[in-house]
Amino acid sequence: MTELRDGDRLSKDAFNSYGLHVLSEGTELYSREISKLYQHQIDYIDIDDRVEMTAATAARTLESGLSPKWLPTVEPIYDAAVKGCEQLFIDALQNGSVVMDDVVETFQPLVDNFRMERDVVSMLLLLNTKDDYTYQHSVQVGMLSYYLATWLGYDEKQAIVIGQAGFLHDIGKCQIEDDILNKPERLSEEEFGLIKQHTIFGYEIIKRSFGDSIQATVALQHHERIDGTGYPHSINGEQMHPVSKIVAVADVYSAMISSRVYQEKRDLLFVLKELHRMSFNELDPFTTHTFIKHMIPNFIGKQVELQSGESGIIIMTHPSEFFRPLVQINDEFIDLAVDRSLEVKHVYM
């Protein structure tokens, strides 16, 4: 069971020790299905042969420790979106504006092909490289903003617009030199001041393109914070547009999981704990907690290391105690929401 991978498909019906039918032949296995097998204490199942991947995909998979079947299919779509985003930045720099048809043509294939992908954590890790950070970040924030909007109850049409807003949130960076954007050392006060201007540049570009719009507002406000400590205008939560609060959460999460020239990827559990900490003063709490609540179940079935040094598997997550799941260590089940002496130190993705 510990060798299962997201996207594996059952080749035979799965039954528990009492003969109860648990999952049907042909079911694709992701975190929820794998958790169900654990809950019924099913140790062995039969799966279809796995599809071979290209050498490049296999190399990336080996490095990350994951190999879902969907990767060879969706990777070209993701890569095309990154290239399309780069072209939008070029157009914005040259023309001072972007064309909505180009935005839709670049972003919509992501919505159409990623809508049903449940393991967002694995997806973003596998489709994340050190190249083209600014463009990949824009694509990821667009995707995350779309997901988060649906989790918050926005309808499909609204969620797509919110995803587009996330996709375009950093368009103003087209007017900032790459040497500053990708500088490996700490930015000077003057350089950071210039970086802050990307919010105003983006607002002006989008307003010039589409007029006053959600996309323009988000470009301006996505670095504002509910306690008034953000930029460019230090507004508070009551003054922020609700969609700006959505994109702010997606922006922080994507930045923290990414490999950048000046930081290493952070442990995903640390990232979500950091978001949770920020929800008390910087990020909108309801938006942030909704994001965490929907991301945490993606850890089900993943191996963890506890602070005690013991290793186990996450079986279930808690609806409010986000970081205290039910963990199986050998034949023992430990509810960390009850046993407060233990904590998860690391999740192996």
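The values are calculated or read from the model by the stated rules, or taken from the named source; none is laboratory data. A quick note: this is a predicted structure, and the numbers were derived from the prediction, not measured. Please note: Cβ atoms are built from the backbone with ideal geometry, for glycine as well, and neighbour counts cover all protein chains shown. In case anyone asks, the SASA skips ligands and DNA or RNA and just uses the protein heavy atoms, side chains included. Shrake-Rupley method; radii C 1.70, N 1.55, O 1.52, S 1.80 Å.
Does region 72-173 classify as rounded, prolate or oblate by the C-alpha gyration tensor (a ≥ b ≥ c root eigenvalues; a/c under 1.5 gives rounded; else a/b over b/c gives prolate, otherwise oblate)?
Oblate, because a/c is 1.5 or more while a/b does not exceed b/c.
In bins 10 Å wide, starting from 0, what share of all Cα pairs of region 193-310 does each bin hold, as a percent?
Spelled out bin by bin, region 193-310 gives 13, 37, 33, 13, 4, 1 percent.
Between residue 320 and residue 151, what FRET efficiency follows from the Cβ-Cβ distance if R0 is 22 Å, with the result rounded to 0.05?
Taking R0 as 22 Å, the efficiency between residue 320 and residue 151 is 0.85.
Starting from the Cα of residue 305, step 7 Å along the direction of its Cβ; do the same at residue 186; then give the gap between the two resulting points in nm.
In this crude spin-label approximation the distance works out to 2.9 nm.
Around residue 99, what is the net charge, scoring Lys/Arg as +1 and Asp/Glu as -1 over all other residues with Cβ under 12 Å from its Cβ?
Net charge around residue 99: -3.
Which is the longest run of the chain containing none of the GluC sites (Glu not before Pro) found in DSSP loop states (not H, G, I, E, B) with at most 12 other C-beta atoms within 10 Å?
Value returned for the longest uninterrupted segment is 53-176.
Would you mind telling me the share, in percent, of accessible area of region 138-285 contributed by carbon and sulfur at probe 1.4 angstrom?
49
Over the alpha carbons of the chain, what is the largest minus smallest coordinate on each principal axis, giving the biggest first in Å?
Principal extents (Cα only, largest first): 66, 43, 40 Å.
Using amide H atoms built 1.01 Å from N in the peptide plane, name the residues 5+ places from residue 13, or on other chains, whose amide H lies under 5 Å from its own.
25
Along the Cα-to-Cβ line of residue 208, 7 Å from the Cα, sits a label point; which residues in region 95-116 have backbone N less than 12 Å from it?
Within reach of a label on residue 208, which here means backbone N under 12 Å from a point 7 Å along Cα→Cβ, region 95-116 contributes 95-99.
Have a look at 244, 162, 125 and report the one farthest towards the positive end of the charge dipole of the chain, computed about the Cα centre with Cβ charges (Lys/Arg +1, Asp/Glu -1).
Of the candidates, 244 comes out farthest on the positive side.
Report the calculated FRET efficiency for residue 238 and residue 16 (r = Cβ-Cβ distance, R0 = 41 Å), to the nearest 0.05.
0.20
Largest first, how would 9, 277 line up by accessible area (1.4 Å probe)?
277, 9
Longer than 21 Å from Cα to Cα, which of 173/207; 173/196; 293/345; 245/293; 302/345; 183/207 are they? Say none if no pair is.
Those over the limit are 183/207.
Could you tell me which residue out of 29, 182, 313 lies farthest along the dipole of the chain toward its positive end? Charges go on the beta carbon: Lys and Arg +1, Asp and Glu -1, centred on the Cα centre.
Of the listed residues, the answer is 313.
What whole-number value in Å² describes the accessible area per residue of the chain for a 1.4 Å probe?
48
Residue 333: accessible area at probe 1.4 Å, nearest 10 Å²?
Number for this one is 90 Å².
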